[in-house]
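The values are calculated or read from the model by the stated rules, or taken from the named source; none is laboratory data. Every value quoted in this text rests on a predicted model; they were computed, and no experiment measured them. When we count neighbours, we look across all protein chains shown, and the Cβ atoms used for this are built from the backbone with ideal geometry, even at glycine. Ligands, DNA and RNA are stripped out before the accessible areas are found, and what is left, the full protein with its side chains, is counted by its heavy atoms. Shrake-Rupley method; radii C 1.70, N 1.55, O 1.52, S 1.80 Å.
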Amino acid sequence: PIIKKIQNHLREKVYGQDEAISTVVSGYFNSVMTYNKNNTGNQRPKAVFLFAGAPGVGKTYLANAAAEAIGVPFHQFDMSSFSDKEAPLEFAGSDRVFKSSHEGLVTGFVRQNPRCVLLFDEIEKAHINIIHLFLQILDAGCLKDSFIGTNVSFKDAIIIMTTNAGSEKSSSISGFAEKREAQAKEKTEKALFSFLRPEFINRIDEIITFNHLTKADFEKIAKLMLSQLSESLSEKGIKLSY
């Protein structure tokens, strides 16, 4: 019942990605069940997903919708902001000896919202030092914030990373679904191993390759967005027809 409810909620919001939705929902509940059975020894994050696919196919939108369906806070981090060697200071805080020291952007949010969905967008843009921090989180389920000087637990967080690696940038519309999706999945897997170490990939619960959207999917999305706009305008006494 609750699984079906969450799945239906996501399918009402995210079009053309039924397989991805099913994998996220089943993966989440499997991880919760495993977590509850091994609660004394397992301190890893509750679930770790990697969403792969072309830009504009719904990766970020599904992550946000999943947080809404589960009922936990959501935060998106653009990994291009963590691409230089000083990035760990922003990610996990800087020591108080520095004049401009502060709590980490990621560790600070998790400390205040231990049950949450964290989205790390375009993980391939992260500096190698950030990847090392991720390995600590995925392995031990915690990370020390240098500003507050204590470990922050990630064991109740759901971590979602996205990547465009291996995807075709020219268009997210496909005419020959099955063959092209199989090729896209193969290209994505090869691309992932080119910038992520095997020990990192092995700590991910599910790698989900998103479908290319069809013309029918885009029509549904357009209708949904126009419907939402129409409702917003009607509150101001403006009628929108389309």
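For the chain, the fraction of 1.4 Å probe accessible surface lying on carbon and sulfur atoms is 52 percent. Over the chain, accessible surface divided per residue gives 53 Å², non-protein components excluded, 1.4 Å probe.
Hydrodynamic radius of the chain by the Kirkwood approach over all distinct alpha-carbon pairs: 19.3 Å.
In the elastic network of the chain, a GNM with C-alpha springs shorter than 10 Å, the most mobile of Leu226, Leu89, Leu213 is Leu226.
Rg and Dmax of segment 36-166, both derived from C-alpha coordinates alone, stand at 14.7, 45 Å. Helical runs (DSSP H, four residues minimum) scored at -39500 (n - 2.57) apiece and divided by the length of the chain put the mean residue ellipticity at 222 nm at -15000 deg cm²/dmol. Comparing mean-square fluctuations of Ile130, Ile148, Ile207 from a GNM of the chain with C-alpha springs under 10 Å, the top value falls on Ile148.
The magnitude of the dipole of the chain, with charges of +1 and -1 set on the Cβ of Lys/Arg and Asp/Glu and taken from the Cα centre, is near 340 debye. If R0 equals 45 Å, the separation of the Cβ atoms of Ser83 and Ser26 corresponds to a calculated FRET efficiency of about 0.85. My understanding is that a pair violates if its Cα-Cα distance is over 29 Å; which of Lys4/Lys215; Lys5/Lys187; Lys190/Lys223; Lys59/Lys99 do that in this structure? Among Lys4/Lys215; Lys5/Lys187; Lys190/Lys223; Lys59/Lys99, the Cα-Cα distance tops 29 Å for Lys5/Lys187; Lys190/Lys223; Lys59/Lys99.
Looking at the chain, identify the longest residue range that excludes and avoids all trypsin sites (Lys or Arg not before Pro) in DSSP loops having at most 10 other Cβ atoms within 10 Å. My reading of the result: 1-84 is the longest stretch.
Taking chymotrypsin sites (Phe, Trp or Tyr not before Pro) across segment 63-135, the ones in a DSSP loop with at most 15 further Cβ atoms lying within 10 angstrom of their Cβ are Phe98. Beta-bridge orientation, the chain: approximately 15 percent antiparallel, per DSSP, counting only bridges with both partners inside. Result for the chain in a Gaussian network model with C-alpha springs under 10 Å: among Leu135, Leu143, Leu224, the largest mean-square fluctuation is at Leu224.
The modelled label-to-label distance between Lys99 and Ile201, using points 7 Å beyond Cα along the C-beta direction, is 4.5 nm. Here the contact order of the chain, divided by its residue count and restricted to Cα pairs under 8 Å and six or more residues apart, works out to 26 percent.
Summing Lys and Arg as +1 and Asp and Glu as -1 over all other residues whose Cβ lies under 13 Å from the Cβ of Pro114 gives a net charge of +3. Annotation for segment 62-98: GluC sites (Glu not before Pro) lying in DSSP loop with at most 12 further Cβ atoms inside 10 Å of their Cβ are Glu86.
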